[in-house]
Amino acid sequence: MNESIRLTVDGRVVSGQKGQTILEVARNAGLDIPTLCHHPRISRTGACRICLVRVNGTALKTACTEPAADGMNVVSEDAELASVRRSILEMLLAEGHHNCLFCDANGDCEFQDLCHRYGIEEPRQPLPGRRRTTDTTSSKGLRRNEDRCVLCGRCVKACGEVQMLGVWDFTGRGDRTELTADCGGPVGESSCALCGTCAQLCPTGALTLQPVNGTAPTWETRKQTSVCIYCGVGCQIDFHTDSKGRLLYANGNENGPNNGHLCVKGRFGFDFVQHPERIRTPLVRRDGKLVEASWEEALDYAAARLSEIKAANGPDSIAGLASAKVTNEENYLFQKFMRTGVGTNNVDHCARL
Amino acid sequence: MTNSIGEIPSSEAFLVIGSNTTENHPVIGSMIKHEVIHRGKKLVVADPRRIELARIADVYLPIRPGTNVAILNGFMHVILKEGLYDKAYIDERCEGFEALIPVLEKYTPEHVAGICGLANPDDIVKAARILAAAKPMALYYSMGITQFISGVNGVKSTANLQMMLGNVGKTGGGVNPLRGQNNVQGACDMGALSALLPAYQPVIVPANREKFEKAWGMCGCSLPEKPGLTIIEMMNAAARGDLKAMYVMGENPVVSDPNTEHVIEAMEKLDLLIVQDIFLTETARLAHVVLPSCAFLEKEGTVTNTERRVQFMNKVVTPPGDARDDWWITQQLARRMGLQWNYTRAEEVFEEIRTVTPSYAGITWKRARETKVQWPCPAVDHPGTPTLHKEKFARGKGLFTAIEYTPPAEVVDREYPLTLTTGRILEHFHTGTMSRNSRILDELVPHGFIEMSRADAAALDLVDGEMVAVSSRRGSIRIRLRISPRPTPNVVFIPFHFFEAAANRLTIDALDPTCKIPEYKVCACRVEKLVAGDGGAAC
Ligand code: SF4
Ligand code: SF4
Ligand code: FES
């Protein structure tokens, strides 16, 4: 079924499978073709034309949509291609209103990166810019500033193909094109389920996540991967923290069983970890009240009472509940403790609940 | 799950029964929707509420709560009558089919429609044909199958159907229970169960105990042989005064268990309650000792998801104050009770797990960090097992079990005329300890509610948003009314996350006789208008 093909990209012979695009073959071979509207998790778009390449000496094709063919000769960049890219970027820059200083995506923006790469400065000729929708309050999960929108359509497809709600769509034409949530109206009143996938896939700061616990400049955040604490899908999540270790925001990790997708719980439901009401010290009940104690006191007391009760009433008068929210190692030790330390099989957890 | 999340694109059809997938396992819900909407896959949904997936289903069957066995038998009746079953597969790979045939006889579409409260028996026929025609078809279920006194029977019926259609052991097929908690699979794998040692090795079998006595260096001492108490049985034993002490790690039975009043009463009787948790939960407030533990982002370790994938959790942030890893705390107690434990890192525990848990034997700590293997993985060079029962069933032949429909423990009557079913909502989780302490989730849905059809609300003269009283034989709560197109008439739904309007003050603690799961999904209740001055202060 898989027919393999060989083509030349920038003078290098690379191989791929029939059905792959030029971009896919090139990227698999570690070659870089700039893109903007393309994203591997959604269907092929071909809207921005940043990825134009020269095929067989003449034709300009969008690498993200053009099927790779056996014997093809592809040039990923030359003077003409670079200048086409530059003018696309300039037009996008002129059409929107990209004030990076106030943008959540500053430092983590594909459009900004491309502008740097192609040395774009002030647009040479100003376009009749038109302010579009800014709505940073109606939704509890999304912030929208369409002056930074590059009309790539990733959010439309994120919602329509990944989350499967189809909240976003384009309306209007030409320089009047803009996004609409459901059939108009603020996104906070739409059918949005707050999965945050559109914001995660947005290449600029046009759609961003509401801060959960504060913000920090993107270049000062650290990222670490863990697994969602909620349901059993086991989505892998990249958690971003600031320099003080404060949890800021979460993105779906594309190597997990979730392919980068999350639901509202995984996306926004992690700040309980840094909630001021977390218990910080052991507590022991004295005269009817729970009072702070040292670990030594609390553990000595607990173990002594357990031993007394075991001696007086036998090990089966004691029971333990393990937890579906802690690790395998912790559950394993817990049941081992109940069975060998206490000496009872009275151990269970909430699997049935 | 017998199969993997990654196999969803390989399924030609889906039967979703007793799972509100788009709210409770949303990422899988979206994947199924993608297949149905963009790739034309077939979908049959059976659920008492018109859940989101019902809207895109080829056939939606609004069955009464507690009638899963009947509807599944109904599908099998049609498949049998019309000869749509996979004869070769059954002959070659299964046994016990003959015993099933006579039982299915009476589950005609008309009879089943009567039990399930379906207006049109032909829908059952239509659904059965769709399910039989598509190969492979994947069956997904969740607590809507298991949380009944007939829960085990419901599970066996799903297996009957899938074996009959030859869908077990096929990529894109399978019987796929969706696990409701991040590591409920792992907790079971690790033997946090009263009758089973790690890897589901029954404690009652002497050879298993011997093996563990040796592995755990118990020098002369022996493991207790009598299976222990399950969670609900513990509560009953505590209430009777037979159970004197409980050690609770990261659970909140006061909110999660059925029949709240009874649970609180039981817990208050204990001579010693040790609670190890991240918040002062409703249960921790009753404790004699509270031990502060690390939350998930403060520790490293492995968890196992619904598709048996062992995944690594990295430490992302530092714990507050004096909070410690759960394993550290357990070890401290163990040492004080005479065990010579000396684990210094989670890694050492995991490496020990491998030696006593055959399904994890091939997963080293390093491998768990770098890849995401699915158990069974018996050896370090074994790739793991995405699909179970591929060549043959784990027990050899797939066993059909003839199952009769039995009604739920409590049926409606004049006094309690509505059927109450409980569950979760998209924005919250379990007892709310985590989700309700997360700002955005809490703001999205700050209160509990009862979901009721417009017709039922009109009959009781109730309007959307008003506070109502809901009572069952066990208790009574006040809660906000939400009129919704989702429940079928005479069925109401309450999410159980909200302690101040706790569904489990109403639910019944009747248990499945085999697996002791409580019947959360159905009990009889009554909804009443609050009289003036009776106010809505409760939530
Ligand atoms: S957050 Fe999710 S549901 Fe909401 S618009 Fe974006 S993709 Fe759609
Ligand atoms: S992000 Fe949502 S779907 Fe994924 S594991 Fe968490 S709760 Fe489940
Ligand atoms: S990336 Fe290819 S057209 Fe946008």
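The values are calculated or read from the model by the stated rules, or taken from the named source; none is laboratory data. Since the structure is predicted, the reported quantities are computational estimates derived from the model, not experimental observations. Because the Cβ atoms are built from the backbone with ideal geometry, glycine has one as well, and the counts that use them run over all protein chains shown. Ligands, DNA and RNA are excluded from the accessible area calculation, which covers all protein heavy atoms including side chains. Shrake-Rupley method; radii C 1.70, N 1.55, O 1.52, S 1.80 Å.
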Original post:
Tell me, which residue of segment A:177-201 that is touching a residue at least 24 places away in the same chain (Cβ under 8 Å) and more than 9 Å from ligand 1 (Cβ to nearest atom) is nearest to the other protein chains (Cβ to nearest Cβ)?
Top reply: A:Gly188
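If I ask for residues that are within 31 Å of the chain's Cα centre (by Cα) and either among the aliphatic types (A, V, I, L, M) or open to solvent by 30 Å² or more (accessible area, probe 1.4 Å) (or both), which ones from segment B:320-344 would you list? It would help to see each step written out before you state the result.
So the first thing to find is which residues in segment B:320-344 are within 31 Å of the chain's Cα centre (by Cα), and the list is B:323-331, B:333-334.
Residues satisfying the conditions are B:Ala323, B:Arg324, B:Asp325, B:Trp328, B:Ile329, B:Leu333, B:Ala334.
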Original post:
Does segment A:249-258 contain any residue that is of a type outside the set (S, T, N, Q) and within 16 Å of ligand 3 (Cβ to nearest atom)?
Top reply: no
Original post:
Looking at segment B:300-319, which of its residues are facing another protein chain (nearest Cβ under 7 Å), open to solvent by 10 Å² or more (accessible area, probe 1.4 Å) and either more than 25 Å from A:His275 (Cβ to Cβ) or in a strand (DSSP E or B) (or both)?
Top reply: B:Arg309
Original post:
Could you say which residue among A:Ser307, A:Ser317, A:Ser294, A:Ser323 is at the interface with another protein chain (Cβ under 7 Å from one of its Cβ atoms) and open to solvent by 40 Å² or more (accessible area, probe 1.4 Å)?
Top reply: A:Ser307
Original post:
Do we have any residue at all in segment B:269-284 that's closer than 20 Å to B:Pro518 by Cα, touching a residue at least 60 places away in the same chain (Cβ under 8 Å), facing another protein chain (nearest Cβ under 7 Å) and surrounded by 24 or more Cβ atoms within 10 Å (Cβ to Cβ)?
Top reply: no
Subject >> Candidate set from segment A:157-201 (those that are part of a helix (DSSP H, G or I) and more than 16 Å from the chain's Cα centre (by Cα)); member that is surrounded by the fewest Cβ atoms within 10 Å (Cβ to Cβ) >> reply: A:Gly174
**OP:** Any chance you could count how many residues in segment B:239-257 are more than 8 Å from chain A (Cβ to nearest Cβ) and in contact (Cβ under 8 Å) with a residue 24 or more places away in the chain?
**Re:** 5
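Quick one: which residue in A:Arg132, A:Arg148, A:Arg143 is within 14 Å of chain B (Cβ to nearest Cβ), under 28 Å from the mean Cα position of the chain (by Cα), surrounded by 14 or more Cβ atoms within 10 Å (Cβ to Cβ) and more than 16 Å from ligand 3 (Cβ to nearest atom)? Walk me through it before giving the result.
On the way: A:Arg132 fails: within 14 Å of chain B (Cβ to nearest Cβ); A:Arg148 fails: within 14 Å of chain B (Cβ to nearest Cβ).
Going through A:Arg132, A:Arg148, A:Arg143 in turn, just one is within 14 Å of chain B (Cβ to nearest Cβ), under 28 Å from the mean Cα position of the chain (by Cα), surrounded by 14 or more Cβ atoms within 10 Å (Cβ to Cβ) and more than 16 Å from ligand 3 (Cβ to nearest atom): A:Arg143.
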Original post:
Can you tell me which of B:Gly186, B:Gly151 is closer than 30 Å to A:Ile229 by Cα, within 12 Å of chain A (Cβ to nearest Cβ) and in contact with a strand residue (DSSP E or B) (Cβ under 8 Å, 6 or more places away or on another chain)?
Top reply: B:Gly186
**OP:** Run down A:Phe272, A:Phe239 and say which single residue is modelled with pLDDT of 95 or more, away from ligand 1 (no atom under 14 Å from the Cβ) and facing another protein chain (nearest Cβ under 10 Å).
**Re:** A:Phe239
Subject >> Yes/no for A:Asn345 being within 44 Å of the chain's Cα centre (by Cα), closer than 16 Å to B:Pro198 by Cα, at the interface with chain B (Cβ under 7 Å from one of its Cβ atoms) and not in a helix (DSSP H, G or I) >> reply: yes
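To keep it simple, each residue is scored yes or no on (1) at pLDDT 90 or above; (2) open to solvent by 20 Å² or more (accessible area, probe 1.4 Å); (3) under 20 Å from B:Ser150 (Cβ atoms); (4) in contact with a Lys or Arg (Cβ under 6 Å, 6 or more places away or on another chain).
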| residue | (1), (2), (3), (4) |
| --- | --- |
| B:Ala458 | yes, yes, no, no |
| B:Gly465 | yes, yes, no, no |
| B:Ile483 | yes, yes, no, yes |
| B:Pro487 | yes, no, no, yes |
| B:Phe496 | no, yes, no, no |
| B:Leu511 | no, yes, yes, no |
| B:Tyr520 | no, no, yes, no |
| B:Ala532 | no, yes, no, no |
| B:Ala537 | no, yes, no, no |
Original post:
Out of all the residues in segment B:286-296, which are buried (at least 24 other Cβ atoms within 10 Å of the Cβ) and either part of a loop (DSSP other than H, G, I, E, B) or not hydroxyl-bearing (Ser, Thr, Tyr) (or both)?
Top reply: B:Ala287, B:Val289, B:Val290, B:Leu291, B:Pro292, B:Cys294, B:Ala295, B:Phe296
